[in-house]
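Student: Just passing along the structure, written as structure tokens.
The values are calculated or read from the model by the stated rules, or taken from the named source; none is laboratory data. Values in this document were obtained by computation on a predicted structure and should not be read as measured data. Glycine gets a Cβ as well: all are built from the backbone with ideal geometry, and neighbour counts include every protein chain shown. Accessible surface areas use protein heavy atoms only, side chains included; no ligands, DNA or RNA. Shrake-Rupley method; radii C 1.70, N 1.55, O 1.52, S 1.80 Å.
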Amino acid sequence: MERTKQYIQKTDKFGAHNYKPLPIVLEKAQGVWVWDVDGNKFMDMLSAYSALNHGHRHPKIVERAKKQLDKVALVSRAFYAEKLADFNERITKLTGYGMTLPMNSGAEAVETAIKLIRKWAYTVKKIPRYESEIIVCSDNFHGRTTTIISFSTDEDYKKDFGPFTPGFKIVKYGDINELKKAINKNTAAFLVEPIQGEAGINVPPAGYLKEAKKLCEENNVLFAVDEIQTGLGRTGKLFCYMWEGIRPDMLIVGKALGGGLMPISAVLADEPIMGLFKPGEHGSTFGGNPLACECALAAMDVLEEEHLVERSAELGSYLLQKLKDLNSPLVKEVRGKGLLVGVELKPEVGSARPYCEALMKKGLLCKETHDHVIRFAPPLVITKEELDWAIGLVKEVLK
Ligand SMILES: *Cc1c(COP(=O)(O)O)cnc(C)c1O
């Protein structure tokens with residue numbers, strides 16, 4: 001406990017307090033397991049908010065990253081690079097879009113999408129300059145930049161950080177009529193998460209995304225999905241939008257794209273949209289660097305070779321059913337898709353935090369999201385035995 005205490009003190013003394021972590025200090029990790037500085041072992045059921053779909057330090061991804069480190073890690077975007085070429089081809093083939101633009105963080109990719117949407121609005125749809133609107137949803141989470149928090153509905157995210165970027169309209173998540181009413185001649189796009197992860201694993205009504213896509217098509221409005229958290233197998237499909245058999249105009253990915261080793265995100269669209277960016281209009285020093293691209297290439301290979309999408313679908317239904325079967329008197333609802341599962345506690349039970357702390361003491365790491373919901377999102381490489389072990393602990397804590 002001594003070392004744990006010291007590191008927590010040091011972190012909080014010299015670092016900003018923009019997070020409220022559980023009192024545990026991690027030192028190393030492998031697969032679904034992590035170890036703290038006092039040698040205790042835990043199962044990671046949060047997976048860096050789905051950035052660790054491949055687990056910690058997946059051996060095949062680590063090996064390829066090491067090889068890449070011995071070749072080249074970063075080049076100026078003033079030059080072409082071998083790995084960027086490979087990445088562009090691989091991710092467009094995987095997703096079925098014509099072109100891509102890699103960035104680093106998820107928020108940067110969302111910003112990129114917003115700029116692209118606006119450029120499309122003025123140059124293609126011919127909306128009068130600077131009058132375009134993007135429709136977003138209540139309880140959205142798309143990142144932390146000043147523009148993105150401008151259309152957040154969470155007071156903590158935006159209070160004291162204005163003035164805000166205009167040009168966004170908020171509709172109720174899952175309510176197709178509100179979307180219909182909100183669309184007008186200046187609407188450029190609808191930006192949506194297929195499941196709201198940060199807001200508490202909110203799954204919209206079946207058919208919502210499909211109807212939203214149809215409305216967008218009818219009104220010449222771009223349909224843009226933020227799959228930063230839900231993408232790359234997390235929900236039991238390659239992308240969560242695939243549950244509804246649609247094809248968005250714009251796809252935003254991040255988190256697990258870097259295989260749990262490097263930050264890399266990307267926006268995908270076909271040439272009539274992505275082709276609108278001209279030299280000088282957008283960029284990022286580290287965007288598409290060879291090391292991150294090689295990690296992403298390895299991550300896409302592992303996703304396919306180890307059938308992580310199928311695993312997520314199978315183990316996810318199993319987890320969902322097992323949690324429902326607990327019939328815990330504390331639980332209001334268990335919901336989710338694939339290995340993205342939320343357990344919402346009854347309001348009278350109070351905060352989910354003490355339950356997360358109790359699970360931590362037993363060796364299982366997860367985190368409350370929005371007070372009443374415990375999010376379970378283990379790496380997709382988890383085995384059924386490991387999952388059963390975790391379910392056993394949840395049973396003890398929620399009984
Ligand atoms: C995490 C997340 C983001 C932001 O990604 P960062 O890499 O933290 O900037 C955006 N959208 C969704 C849905 C996310 O889950």
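Student: Please tell me if TYR19 is assigned to a loop (DSSP other than H, G, I, E, B), at pLDDT below 95 and under 25 Å from the mean Cα position of the chain (by Cα).
Tutor: yes
Student: Tell me yes or no: at least one residue of region 324-347 is in a helix (DSSP H, G or I) and open to solvent by less than 40 Å² (accessible area, probe 1.4 Å).
Tutor: Kept after step one, since they are in a helix (DSSP H, G or I), are these residues of region 324-347: 324-325, 347.
Checking the rest, the ones that are also open to solvent by less than 40 Å² (accessible area, probe 1.4 Å) come to none.
Scanning region 324-347 turns up no residue that is in a helix (DSSP H, G or I) and open to solvent by less than 40 Å² (accessible area, probe 1.4 Å).
Student: Taking interchain pairs and intrachain pairs at least six residues apart, which have beta carbon atoms under 6 angstrom, with the first residue in region 55-76 and modelled with pLDDT of 95 or more and the second among the charged types (D, E, K, R)?
Tutor: Cβ pairs passing all conditions: ARG64/GLU294; GLN68/GLU294.
Student: Separate question: Working carefully through the options ILE91, ILE117, find the one that is away from the ligand (no atom under 16 Å from the Cβ), closer than 24 Å to ASP270 by Cβ, crowded, with 20+ Cβ neighbours inside 10 Å and assigned by TED's automatic domain parsing to the domain that holds ALA256.
Tutor: After applying the criteria, what remains is ILE91.
Student: Right, something else. Restricting to region 126-157, what's the tally of residues that are away from the ligand (no atom under 13 Å from the Cβ), open to solvent by less than 40 Å² (accessible area, probe 1.4 Å) and either not assigned by TED's automatic domain parsing to the domain that holds VAL192 or not in a loop (DSSP other than H, G, I, E, B) (or both)?
Tutor: Total meeting the criteria: 2.
Student: Determine whether GLY280 is in a loop (DSSP other than H, G, I, E, B) and either under 19 Å from TYR97 (Cβ atoms) or within 20 Å of the chain's Cα centre (by Cα) (or both). Don't jump to the end; show me each part of the working.
Tutor: Numbers: in a loop (DSSP other than H, G, I, E, B): yes; either under 19 Å from TYR97 (Cβ atoms) or within 20 Å of the chain's Cα centre (by Cα) (or both): no.
Here the answer is no, as GLY280 does not meet what is asked.
Student: Can you go through ASP139, ASP175, ASP160 and tell me which one is touching a strand residue (DSSP E or B) at 6+ places or on another chain (Cβ under 7 Å), modelled with pLDDT of 95 or more and not hydroxyl-bearing (Ser, Thr, Tyr)?
Tutor: ASP139
Student: Would you check if there is a residue in region 192-205 being away from the ligand (no atom under 16 Å from the Cβ) and modelled with pLDDT of 95 or more?
Tutor: Going residue by residue through region 192-205, those that are away from the ligand (no atom under 16 Å from the Cβ) are 205.
From what's left, modelled with pLDDT of 95 or more: 205.
Checked region 192-205: at least one residue is away from the ligand (no atom under 16 Å from the Cβ) and modelled with pLDDT of 95 or more.
Student: Closer than 15 Å to SER284 by Cα, within 16 Å of the ligand (Cβ to nearest atom) and surrounded by 21 or more Cβ atoms within 10 Å (Cβ to Cβ): does that describe ALA107?
Tutor: The answer is no for ALA107.
Student: Further question on the same structure: In this structure, is LEU84 touching a Gly at 6+ places or on another chain (Cβ under 9 Å) and either of a type in the set (A, V, I, L, M, F, W, C) or open to solvent by 70 Å² or more (accessible area, probe 1.4 Å) (or both)?
Tutor: Details: touching a Gly at 6+ places or on another chain (Cβ under 9 Å): yes; either of a type in the set (A, V, I, L, M, F, W, C) or open to solvent by 70 Å² or more (accessible area, probe 1.4 Å) (or both): yes.
For LEU84, the condition - touching a Gly at 6+ places or on another chain (Cβ under 9 Å) and either of a type in the set (A, V, I, L, M, F, W, C) or open to solvent by 70 Å² or more (accessible area, probe 1.4 Å) (or both) - is met.
Quick grid of which residues meet (1) crowded, with 24+ Cβ neighbours inside 10 Å; (2) touching a Lys or Arg at 6+ places or on another chain (Cβ under 9 Å):
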residue	(1), (2)
GLN229	yes, yes
GLY275	no, no
PRO290	no, yes
LEU297	no, yes
MET300	no, yes
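Student: If we scan region 357-372, do we find a residue that is part of a helix (DSSP H, G or I), out of contact with any His (no Cβ under 7 Å at 6 or more places or on another chain) and crowded, with 17+ Cβ neighbours inside 10 Å?
Tutor: Yes, region 357-372 contains a residue that is part of a helix (DSSP H, G or I), out of contact with any His (no Cβ under 7 Å at 6 or more places or on another chain) and crowded, with 17+ Cβ neighbours inside 10 Å.
Student: Looking only at region 373-385, count how many residues are over 19 Å from ALA51 (Cβ atoms) and open to solvent by 30 Å² or more (accessible area, probe 1.4 Å).
Tutor: Matching residues across region 373-385 total 3.
Student: A further question on this structure: Quick check on region 239-248. Is at least one of its residues within 25 Å of GLN68 (Cα to Cα) and open to solvent by 10 Å² or more (accessible area, probe 1.4 Å)?
Tutor: No: region 239-248 contains no residue that is within 25 Å of GLN68 (Cα to Cα) and open to solvent by 10 Å² or more (accessible area, probe 1.4 Å).
Student: Scanning region 214-237 for residues that are among the β-branched types (Val, Ile, Thr) and part of a loop (DSSP other than H, G, I, E, B), which turns out nearest to the ligand (Cβ to nearest atom)?
Tutor: Just the residues of region 214-237 that are among the β-branched types (Val, Ile, Thr), to begin with: 221, 225, 228, 230, 235.
Add one more test, that the residue is part of a loop (DSSP other than H, G, I, E, B), and what stays is 221, 228, 230, 235.
On the way: VAL221: 20, ILE228: 4, THR230: 7, THR235: 12 Å.
This residue is ILE228.
Student: Looking at VAL203, VAL192, which one is open to solvent by 10 Å² or more (accessible area, probe 1.4 Å), in contact (Cβ under 8 Å) with a residue 40 or more places away in the chain and hydrophobic (A, V, I, L, M, F, W, C)?
Tutor: VAL203
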